[in-house]
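Novice: Mind having a look at this structure? Questions to follow.
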Amino acid sequence: MRKGNMTEGVIWKEILLFALPLLGTSFIQQLYNTVDLIFVGNVLGKEATAAVGASTLFVTCLVGFFSGLSIGSGVVASQVFGGGDNKELQKVIHSAIVISLICGGLIMGIGLAFSRFFLKWVNTPYEIRPIAIQYMRVFFVSSIPLITYNMGAGIIRALGNARAPMYIQLIGGIMNVVMNALFLLVFKLGVTGVAMATLFSQSLAAILVLSYLRKQSEMFEFTFKKLRLHIEYFYKILKIGVPVGLQALVITLSNVFVQYNVNQLGIDALAAFTAYFKVELLIYLPIIAFGQAITTFSSQNIGAKVFNRVKEGTFICMLMGLGVTVVLSGVVLLWGRQLFGLINRDLAVLDLGVKIISRTVPFYWLYLIIEVLGGSIRGGAKTFPPMLIILSNICVLRTVLLYILTVNYKGIESIAVTYPITWASTALFMLGYYLKSNWMGKKLSKEY
């Protein structure tokens with residue numbers, strides 16, 4: 001059995017051992033963001049915090065779209081790796097790195113050119129606009145290493161190794177802390193220093209990812225001299241990755257409407273939802289880890305044409321994920337007030353926070369179904385149907401519900417209840433597609 005090969009072995013163990021490092025990587029990424037907020041909020045003050053916050057939507061939209069391509073490259077690499085063709089795997093990996101360099105350059109160009117226009121478009125307060133532009137322009141210089149890291153890490157995970165990207169992310173996180181302290185406390189560079197810390201930490205992470213790929217020469221001989229765009233894999237990566245990127249982009253934009261409705265309810269509601277999105281990570285991140293794990297598991301086994309193993313793995317992943325989700329949901333429901341208190345101790349905010357979790361947390365198992373089924377389907381290189389299902393329900397239906405409910409029923413519950421309703425409809429459609437369509441591409445023909 002080749003290292004990282006998930007086409008053999010005990011299914012539950014393969015999935016669980018792969019999901020745990022993915023969960024660790026997600027927590028480390030959250031620490032990245034938390035460290036930046038701590039430094040900005042405590043060293044630079046509320047104006048700088050607002051300036052960085054004003055930049056978040058634009059940054060998330062662009063990076064989220066192009067990062068979708070890393071999922072495309074990961075699925076293609078997993079299928080080729082599962083099929084055991086190292087020569088073709090070499091072509092996939094070199095093409096993916098070239099795509100990351102191109103995409104990183106595009107993001108950098110777009111960000112540098114349109115930062116000022118975007119901030120004006122979203123009506124960023126004039127007094128913080130100059131420092132917001134400073135932050136965005138330096139941040140977008142880090143686009144090439146950021147996308148390169150994501151693409152390289154996606155490939156490494158596709159080969160069945162989720163630990164290496166986690167360790168690399170941890171090293172980058174430590175670098176981020178050190179650089180924030182250096183640029184803000186020693187050199188007094190303000191928000192420019194925060195963006196420079198991101199640039200240095202992401203550059204280190206990208207270098208480490210590429211170095212790791214070079215050391216795997218016995219499998220696919222990754223070298224910079226062989227970097228070229230193989231057209232057949234370029235189209236495959238785009239076909240799979242673009243729908244995922246569009247999904248991330250549209251969901252981010254749809255969240256603006258949610259934010260608009262929350263803002264109408266006042267500062268307490270805004271603070272309660274802000275705290276809620278931190279508390280929910282305890283449930284949300286494990287769900288995402290199971291979804292990512294089943295994508296790699298499915299794509300490798302589909303590549304190896306072990307189709308029965310795909311469906312059994314999806315079922316086992318679902319059971320494990322449901323167990324974890326139910327337990328964590330119970331923890332949040334029982335100690336939700338205390339968890340909110342770690343973020344905001346205002347009594348009015350705590351009361352609203354408890355109302356939010358009472359409407360959403362009991363139904364997170366529905367979101368687990370969406371992620372596991374959607375992840376397995378993406379492993380079959382079918383990313384457009386999950387995108388269409390998610391956008392129709394999570395974006396369109398939720399927006400319509402928000403409009404209807406907030407017009408007729410004022411209160412934070414009218415916003416919170418749209419989440420489980422749209423999760424249920426999305427899960428139903430995803431289950432229908434999973435059961436009725438031939439998303440694996442072939443009939444079951446090989447046992448294991």
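Novice: Is it true that some residue in region 256-266 is under 30 Å from residue 403 (Cβ atoms), β-branched (Val, Ile, Thr) and without any contact (Cβ under 8 Å) to a residue 12 or more places away in the chain? Talk me through it step by step, then tell me what you get.
Specialist: First pass over region 256-266, keeping only residues under 30 Å from residue 403 (Cβ atoms): 256-266.
Those still in the list that are β-branched (Val, Ile, Thr) too: 256, 258, 262.
If we keep only those that are without any contact (Cβ under 8 Å) to a residue 12 or more places away in the chain too, we end up with none.
Scanning region 256-266 turns up no residue that is under 30 Å from residue 403 (Cβ atoms), β-branched (Val, Ile, Thr) and without any contact (Cβ under 8 Å) to a residue 12 or more places away in the chain.
Novice: Among the residues of region 61-84, write down those that are surrounded by fewer than 24 Cβ atoms within 10 Å (Cβ to Cβ) and among the hydroxyl-bearing types (Ser, Thr, Tyr).
Specialist: Within region 61-84, 67 is the sole residue that qualifies.
Novice: Residue by residue through region 101-119, note down the ones that are crowded, with 21+ Cβ neighbours inside 10 Å and of a type in the set (Phe, Trp, Tyr).
Specialist: Looking only at region 101-119, we keep the residues that are crowded, with 21+ Cβ neighbours inside 10 Å, and these are 103-104, 107, 111, 115, 118-119.
Hit for region 101-119 is 118, nothing else.
Novice: Return yes when residue 281 is surrounded by fewer than 22 Cβ atoms within 10 Å (Cβ to Cβ) and modelled with pLDDT under 85 and no when it is not. Step through it out loud before you land on a result.
Specialist: Values: surrounded by fewer than 22 Cβ atoms within 10 Å (Cβ to Cβ): yes; modelled with pLDDT under 85: no.
No; evaluated as a whole, the condition is false for this residue.
Novice: For residues that are surrounded by 17 or more Cβ atoms within 10 Å (Cβ to Cβ) and of a type in the set (S, T, N, Q), scanning just region 6-44, find the one that is farthest from the chain's Cα centre (by Cα).
Specialist: Once the filter is applied, the top-ranked residue is 7.
Novice: Among the residues of region 223-256, how many are more than 20 Å from the chain's Cα centre (by Cα) and either in a helix (DSSP H, G or I) or buried (at least 20 other Cβ atoms within 10 Å of the Cβ) (or both)? Spell out the reasoning first.
Specialist: First, pick out the residues of region 223-256 that are more than 20 Å from the chain's Cα centre (by Cα): 223-236.
Subsequent filtering for residues that are either in a helix (DSSP H, G or I) or buried (at least 20 other Cβ atoms within 10 Å of the Cβ) (or both) retains 224-226, 231-236.
So the answer is 9.
Novice: Please tell me if residue 345 is assigned by TED's automatic domain parsing to the domain that holds residue 288, part of a loop (DSSP other than H, G, I, E, B) and modelled with pLDDT under 95. Let's see the steps before the verdict.
Specialist: Numbers: assigned by TED's automatic domain parsing to the domain that holds residue 288: yes; part of a loop (DSSP other than H, G, I, E, B): yes; modelled with pLDDT under 95: yes.
So residue 345 passes the test.
Novice: Looking at (1) part of a helix (DSSP H, G or I); (2) among the polar types (S, T, N, Q); (3) surrounded by fewer than 24 Cβ atoms within 10 Å (Cβ to Cβ), find the lone condition where residue 296 falls short.
Specialist: (3)
Novice: A follow-up question, please. Being in contact with a Pro (Cβ under 7 Å, 6 or more places away or on another chain), surrounded by fewer than 22 Cβ atoms within 10 Å (Cβ to Cβ) and not basic (Lys, Arg) narrows it down to one of 384, 429, so name that one.
Specialist: 384
Novice: Among the residues of region 163-213, which ones are aromatic (Phe, Trp, Tyr) and either free of Cβ contacts under 8 Å to residues at least 12 places away in the same chain or closer than 23 Å to residue 133 by Cβ (or both)? Step through it out loud before you land on a result.
Specialist: The initial filter retains those residues of region 163-213 that are aromatic (Phe, Trp, Tyr), namely 167, 183, 187, 200, 212.
Across region 163-213, the qualifying residues are 167, 183, 187, 200.
Novice: Okay, moving on. Residue 96 - would you say it is in the same structural domain as residue 200 (by TED's automatic domain parsing), at pLDDT below 90, surrounded by 20 or more Cβ atoms within 10 Å (Cβ to Cβ) and under 23 Å from residue 203 (Cα atoms)?
Specialist: Values: in the same structural domain as residue 200 (by TED's automatic domain parsing): yes; at pLDDT below 90: no; surrounded by 20 or more Cβ atoms within 10 Å (Cβ to Cβ): yes; under 23 Å from residue 203 (Cα atoms): yes.
The answer is no for residue 96.
Novice: Among the candidates 400, 407, 417, single out the residue that is at pLDDT 90 or above and more than 17 Å from residue 359 (Cα to Cα).
Specialist: Details: 407 fails: at pLDDT 90 or above; 417 fails: more than 17 Å from residue 359 (Cα to Cα).
Of 400, 407, 417, the one residue that is at pLDDT 90 or above and more than 17 Å from residue 359 (Cα to Cα) is 400.
Novice: Taking only pairs six or more apart or across chains, which ones have beta-carbon atoms under 6 Å, a first residue in region 101-120 that is within 18 Å of residue 199 (Cβ to Cβ), and a second residue that is buried (at least 16 other Cβ atoms within 10 Å of the Cβ) and among the β-branched types (Val, Ile, Thr)?
Specialist: Listed pairs, sorted by first residue: 103/147; 104/144; 104/147; 115/133.
Novice: Being under 24 Å from residue 434 (Cβ atoms), of a type outside the set (A, V, I, L, M) and crowded, with 19+ Cβ neighbours inside 10 Å is the filter here, so list the residues in region 306-348 that pass it.
Specialist: Within region 306-348, 307, 309, 313, 314, 317, 321, 325, 329 meet the criteria.
Novice: Which members of region 45-60 meet the condition of being surrounded by fewer than 19 Cβ atoms within 10 Å (Cβ to Cβ) and either in a helix (DSSP H, G or I) or under 15 Å from the mean Cα position of the chain (by Cα) (or both)?
Specialist: If we filter region 45-60 for residues that are surrounded by fewer than 19 Cβ atoms within 10 Å (Cβ to Cβ), which is where we start, we get 45-47, 49-50, 53, 56-57, 60.
Result: 46, 47, 49, 50, 53, 56, 57, 60.
Novice: Does residue 114 meet the test of being in contact with a helix residue (DSSP H, G or I) (Cβ under 6 Å, 6 or more places away or on another chain), among the aromatic types (Phe, Trp, Tyr), assigned to a helix (DSSP H, G or I) and assigned by TED's automatic domain parsing to the domain that holds residue 199? Walk me through how you get there before you give the answer.
Specialist: Details: in contact with a helix residue (DSSP H, G or I) (Cβ under 6 Å, 6 or more places away or on another chain): no; among the aromatic types (Phe, Trp, Tyr): yes; assigned to a helix (DSSP H, G or I): yes; assigned by TED's automatic domain parsing to the domain that holds residue 199: yes.
Considered against the rule, which asks whether it is in contact with a helix residue (DSSP H, G or I) (Cβ under 6 Å, 6 or more places away or on another chain), among the aromatic types (Phe, Trp, Tyr), assigned to a helix (DSSP H, G or I) and assigned by TED's automatic domain parsing to the domain that holds residue 199, residue 114 comes out as no.
The values are calculated or read from the model by the stated rules, or taken from the named source; none is laboratory data. Owing to the predicted nature of the structure, the values given are computational and were not obtained by experimental measurement. Heads up, the Cβs are rebuilt from the backbone with ideal geometry, glycines too, and the neighbour counts pull from every protein chain shown.
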